[in-house]
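Each value in this text was obtained by applying a stated rule to the coordinates, not by laboratory testing. These numbers were taken from a predicted model, which means no experiment stands behind them. Cβ placement follows ideal geometry from the backbone for every residue including glycine, while neighbour counts extend to all protein chains displayed.
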Amino acid sequence: MAKKLGLKERYALLTRGLDWETTYQPMDAVFPYDSYEGIKIKDWDGWADPFRLTMDAYWKYQSEKERKLYAILDAFQQNNGQLNISDARYLSAVKLWLQGITPLEYAAHRGFAHAGRAFRGAGARIACQMQSIDELRHAQTQLHAFSHYNKFFNGFHGFAHMRDRAWYLSIPKSFFEDAMTAGPFEFVTSISFAFEYVLTNLLFMPFVSGAAYNGDMATTTFGFSAQSDESRHMTLGLEVVKFMLQQHEDNVPIVQGWLDKWFWRGYRLLGLVGTMMDYMLPKKVMSWAEAWGIYWEENGTALFHDLGRYGIRLPKHHEVAAKEKQRLTHEMWTVLYQYGNALSLHTWVPDDEEIAWLSEKYGATFDTLYKPRLLFLRAAEQRGERYYNNRLPMVCQVCQIPIFYTEPDDPLTQCVRIVEAAATRHHCCSDGCADIFNHEPMKYVQALIPPQQIYRGEAGGARDIFEYAAWLHLERDVDTGEYRGSPDQKNWDAWQEAHKTKPANAA
Amino acid sequence: MSTRHLGERYEYLSENRVEQYGGDINIYLRWEKHLMFACPSAYRVPTAMRLGDFLEQMLKPDYAAHPDCAALDFTRCQWKLDKAPWQPDFDKSIADNGVGHMSYIEFHAPGLDGVDGIGY
């Protein structure tokens, strides 16, 4: 009987012995995508996957995790777990995840399937294949975890319809589509390295810890189930960047350009997560400024210093992110608050305890600049004049975020950059986004910008924000708008009351 | 700089080119020191519209929720068009004022510095 092969040997056979050099067609014709970006690879066998996962091991691990996850989701549903969350306001964070992040998991599934086909090295292909399957699984498990809330709360119903239509979802959608329409090396640099390795702690930690702090066992369990996949993805991200940098010195400036671009795009996208942390979670985990300090300014920059030996420097405009960290989430929350008529989640003015927490975390900046704004909005609401801005905004041509950011050195003036291409002016929110536009103007002039689509008559003929919200399948003041007085709040209060008055011996 | 690509060409028209607006244009305005309106506002306007009519009939109602709006007098404002100082003529049309597709207009109303003077 033949000796049983070890994991290392099986992995070597899978990734080194199974592929072949094509003879009917030249390799370059079979794999056109892995060379046009200018990345030079001398030896594909230089690709090393630290996990060395074979397919049989992969299926075994994943199916075990799946069984555990669904057992807990079943228990959560059968025990009315939705009643144990901290407050129904918490669900704005879950809605944002379902609408904004889950479609990204699916997009990642597609992107890695494409990258896997595009690479001629078998090790890289196998790693992309596994990640592609992981991402599909994440999309599915998230949908299953969140679907329970759809039975009890509004705003969960139309995520797939809205993904291609809603203004605030064009932010994450355009991020991924920018990556997917690049070549395979840029795609894995953007998603595996910049997003998964450098910035993922700022996405996963706040959401999953936030879920745990706020009693959401469904999301917490999904998070744990995905965690081992995420660590594999992060490793792939670091591996692919080192691989490119080690293969040829000509790769260094190309990779640096991608790191500059995708650091900035990732940072802009994460503003939504920061706002979730500071404003949507009734029980806070940590502030955005603290998370940015730990996960980027300490850990992220240390990683870039390690890459310094290959000639990599810190990404451009990182200093702007540092200047914005005290103000980003306060500015963005008031954007979501004022355009609440076209959001499938609720917004509100924080209560006194939350304002005190923000004061503690953000100090004088918050007290002088942002707290007075919140108190002004609260007073307007109490007069029965809850503020909404129903005029469509200017939107950044690159990150697709409404241009609310202020100048890096002047928090009272909006930052607008005018760029021009294809005989048309366009607007960017920052020097970071303007750099990205000017580097590839022909890519970004194709962007579909929601307010412009509305004015061009391409949003179901909607002429204003209310017709637009109807086109998104949003019911006014049910799915959208203020939390206080919403059906979500009324139901929640009634259920909490019923829960309290229920006799102790009832199930 | 340009996008690396496969195939012969990588050239596109802007999705938001003026031809998509049926004779109208897409313009943007910002009232300085009034961050209650978090973003510059977007409008679709006919180019032949009198500038003063646009400001009074389309723009001003959007700012009605702000306590400074009642005192807003466009004739006393300082203006910028696409970031350069600009002297608008309210009696002339939008086009005759040099306002084009995707133009960005900023104005400052002296003495009006937002809620409690905090730029909001």
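Some notes on this structure:
- Cross-link partners of residue A:323 among lysines, defined as those whose alpha carbon lies under 18 angstrom from its own and excluding same-chain residues fewer than eight positions apart: A:361.
- Charge-dipole axis of chain A as Lys and Arg at +1 and Asp and Glu at -1 on Cβ define it, positive-most pick from A:311, A:390, A:231: A:231
- Couplings 3J(HN,Hα) for the range A:38-55, derived from phi with the Karplus relation 6.51 cos²θ - 1.76 cosθ + 1.60 (θ = phi - 60°), are x, 6, 9, 10, 8, 9, 5, 6, x, 6, 10, 9, x, 7, 6, 8, 9, 5 Hz, where x marks Gly and Pro.
- Local net charge near residue A:16, Cβ-Cβ under 15 Å (Lys/Arg +1, Asp/Glu -1): -1
- Computed P(r) (all Cα pairs; the range A:291-416; 5 Å bins; percent): 2, 9, 15, 19, 18, 16, 10, 6, 4, 2, 1, 0, 0
- 36 Å tail of the calculated P(r), the range A:7-325, as % of Cα pairs: 20
- Cα gyration tensor category, rounded, prolate or oblate, for the protein assembly as shown with a/c compared to 1.5: oblate
- Rounded to whole numbers, the Karplus 3J(HN,Hα) couplings from phi for the range A:159-170 are 4, 6, 5, 6, 3, 8, 10, 7, 4, 7, 8, 5 Hz, using 6.51 cos²θ - 1.76 cosθ + 1.60 with θ = phi - 60°, and x at Gly and Pro.
- Rounded, prolate or oblate (a/c below 1.5 giving rounded, otherwise prolate when a/b exceeds b/c) for the range A:153-225 by Cα gyration tensor: oblate
- Highest mean packing comes first when the peptides A:181-193, A:28-40, A:153-165 are listed by Cβ atoms within 10 Å, giving A:181-193, A:153-165, A:28-40.
- Sequence ranges B:93-106, B:72-85, ranked by mean other-Cβ count within 10 angstrom, highest first: B:93-106, B:72-85
- For residue A:398, distant residues with modelled amide H under 5 Å away: A:429
- Length-normalised contact order of chain A in % [C-alpha pairs under 8 Å, at least 6 apart]: 16
- Principal axes of the range B:23-117: Cα extent on each, largest first, Å: 41, 22, 21
- The residue A:22 and residue A:55 beta-carbon pair, evaluated with R₀ = 35 Å, returns a calculated FRET efficiency of approximately 0.95.
- Amide H contacts of residue A:480: A:475, each under 5 Å away and 5 or more positions distant or on a separate chain (H built 1.01 Å from N in the peptide plane; Pro and chain starts excluded).
- Using a simple spin-label model with pseudo-atoms 7 Å out from Cα toward Cβ, residue A:478 and residue A:48 lie 5.9 nm apart.
- Positive-end residue of A:46, A:61, A:33, charge dipole of the range A:22-71 with Cβ unit charges: A:61
- Gyration tensor verdict on the range A:214-266 (Cα atoms; rounded if a/c is under 1.5, prolate if a/b is larger than b/c, oblate otherwise): oblate
- Scalar couplings 3J(HN,Hα) for the range A:380-391, obtained by applying the Karplus form with A = 6.51, B = -1.76, C = 1.60 to θ = phi - 60°, are 4, 4, 5, 7, x, 10, 3, 7, 10, 9, 9, 8 Hz; x denotes Gly and Pro.
- Pairwise label distance in nanometres, residue A:497 with residue A:283, each label 7 Å out on the Cα-Cβ vector: 2.5
- Residues with amide H under 5 Å from that of residue B:25, placed H, sequence gap 5 or more: B:45, B:47
- Residue A:86-residue A:3 FRET efficiency (beta carbon distance; Förster radius 35 Å; 0.05 resolution): 0.05
- Cα-projected label distance for residue A:306 with residue B:89, points at 7 Å along beta-carbon direction, nm: 6.6
- Charge context of residue B:74, other residues only, Cβ under 15 angstrom, K/R +1, D/E -1: -3
- Theoretical FRET efficiency, 1/(1+(r/R0)^6), r = Cβ-Cβ of residue A:249 and residue A:365, R0 60 Å, to 0.05: 0.85
- Near residue B:31, once Lys and Arg are set to +1 and Asp and Glu to -1 for all other residues with Cβ below 9 Å from its Cβ, the sum equals -1.
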